[in-house]
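The values are calculated or read from the model by the stated rules, or taken from the named source; none is laboratory data. All of these numbers come straight from a predicted model, not from anything done at the bench. Please note: Cβ atoms are built from the backbone with ideal geometry, for glycine as well, and neighbour counts cover all protein chains shown.
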Amino acid sequence: MISGAIPILVRRLLLVPILVFAVMALTYAMTHAVPGDPVKIIAGARSIEPQRAQEIREEFGLEGTYVERFARYVWGVVSRGDLGPSYYYRSPVRSVQELLGERIWVSAQINLISMALVFGLGIPMGVYAAVRRGRWQDPTLIGGLKIFDSIPSPIFTILMIVLLVNGIDDVFRFFGFNVPNVWTPGDPASYIVPVLCLTLPSLGGMARFVRVSALSTIDDDYVRTARAKGLTERRILYGHVLRNALLPLSTVFGLSIVGVVTGSIIVETIYGVPGVGAFVFQSITQRDFNVILGFTLLTATLFIVVNALIDVMYIFIDPRIRFSARQS
C-alpha cells in the first residue's frame, strides 16, 4: 500500500517549487505595476537628482530591465534566502527577512497560545455538543460560542480592552496580573487581551466543526457494532468516534500553523502589538514593496508546503486514500 502512494506523494512535492515560483512571479509583477517610482519612495522626495537616483537603483537592485530585476530577486531568494532591503527602513538599511523575523516571533507567541486554547477547548466542547444533541446543552453551547464570532473584530477587540482593563481588572490583579490598555514589552499581562481576542471568536467555529464531524460518524455501523460488543460509551467515543471525527481536523490544524506566522492586522494594530500583521499593514501604507512581496512569498510558500504535507499525511492516515492511490 505504501508503494502505491509514492507516485502521488512525488507529484504533490514536485508541485511545491512550481507553485512557489508562480506566486513569486505574480506578486512581483503586481507590486511593480503599482503607480509610483520606488526610487522616489526610498528617497522620500517627489524630485531627486539623477546621480542620487542612480545610486539608489544600484543600492536597492532597481537598475536594469524588469526581467533582469526579477531574475536578481529570484536568485537572491534561492541562493541566499535574501528578500531584499526595506524601502522604508533605510538608515541603516535593513533586510526584509530581518524585519519580518523580529515581528513574526512576536505574533507566533500570541498565536501559538491562542491555537492551543482553540484546539484544547474547542474539541471537547464540540464532542460534548455532539453527545448532547437534541438536548438544551447542544444549542446553548454552540449558540453561546458563536456570539463571540458574530461581533466584528474591531468592535470585539475594543470591548475586550475596555472589559479587561477597566471592567474585571480586579480579577486579574488577584492573580498578580495588571492588564495594560496597550501592549507593553516584557509584561506577561500584555498577552491576555490579544490571546482572548483571537481565541474566543474561533472557539465557536472549532466546536461546531468538531460537532458536525462527530455526528457524521456517531451513527455509523462500526459504532453500533462496538456497542453490541459491550464496549463502554467512553471507549466508543474516544476510541472510535473521536478518532475518525478528528481526521478532517488535520486540514484545519495545518491552516492554523500558517496563521501562526501571519498575525492579526486588526488585533495587533488596535492593541499596539509589534507583530507581523500590524507591520505588513504599515508597510502597505508606506508602500514598502519589498516587505509586501517578502511577506506574501513567505505566507504562500508556507501555505503550499503545509497543504502538500497534509495531502501526504492523509495518504498514510486513511487506508481508503492509500487504496485509491494504489489503484490509480
**THR269 modelled with pLDDT of 80 or more, crowded, with 17+ Cβ neighbours inside 10 Å and not assigned by TED's automatic domain parsing to the domain that holds SER202** = no
**Prompt:** Among GLY186, GLY204, GLY230, which is the only one that is of a type outside the set (Lys, Arg) and surrounded by 15 or more Cβ atoms within 10 Å (Cβ to Cβ)?
**Reply:** GLY204
**Asked** So MET30 fits all but one of (1) surrounded by 14 or more Cβ atoms within 10 Å (Cβ to Cβ); (2) within 24 Å of the chain's Cα centre (by Cα); what number is the exception?
**Response** (1)
**Request:** Mind listing whichever residues of the stretch 146-183 are under 19 Å from GLY272 (Cα atoms), loosely packed, with under 12 Cβ neighbours inside 10 Å and β-branched (Val, Ile, Thr)?
**Result:** ILE155, VAL162
**Prompt:** In the stretch 62-93, how many residues are in contact with a Pro (Cβ under 8 Å, 6 or more places away or on another chain) and crowded, with 16+ Cβ neighbours inside 10 Å?
**Reply:** 2
**Asked** Residues that are under 28 Å from the mean Cα position of the chain (by Cα) and of a type outside the set (Val, Ile, Thr): which helices (runs of 4 or more DSSP H) entirely in the stretch 35-112 hold 1 or more of them?
**Response** 66-80
**Request:** Inspect all residues belonging to the stretch 176-197 and state whether any of them is free of Cβ contacts under 8 Å to residues at least 60 places away in the same chain and more than 26 Å from SER107 (Cβ to Cβ).
**Result:** no
**Prompt:** SER153: small (Gly, Ala, Ser), under 14 Å from GLU268 (Cβ atoms) and at pLDDT 90 or above, yes or no?
**Reply:** no
**Request:** Scan the stretch 97-115 and report the pairs whose first residue is basic (Lys, Arg) and whose second residue is modelled with pLDDT under 95 and part of a helix (DSSP H, G or I), with Cβ atoms within less than 6 Å and a gap of 6+ or a chain change.
**Result:** ARG103/VAL276; ARG103/PHE279
**Request:** Having 3 or more residues that are touching a residue at least 24 places away in the same chain (Cβ under 8 Å) is the bar; report the helices (runs of 4 or more DSSP H) wholly within the stretch 217-324 that clear it.
**Result:** 242-245, 249-262, 265-271, 276-286, 289-317
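Given the criteria in a helix (DSSP H, G or I) and surrounded by fewer than 18 Cβ atoms within 10 Å (Cβ to Cβ), does ARG211 qualify?
In short, no.
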**Complete:** Of the residues in the stretch 20-70, those that are under 18 Å from ARG287 (Cα atoms) and touching a Phe, Trp or Tyr at 6+ places or on another chain (Cβ under 6 Å) number 4
**Request:** Report yes if SER213 is within 15 Å of the chain's Cα centre (by Cα) and of a type in the set (Ser, Thr, Tyr), otherwise no.
**Result:** no
**Message:** For the stretch 136-145, check the following and say yes or no: at least one residue is more than 30 Å from ILE218 (Cβ to Cβ) and either surrounded by 11 or more Cβ atoms within 10 Å (Cβ to Cβ) or at pLDDT 85 or above (or both).
**Reply:** no
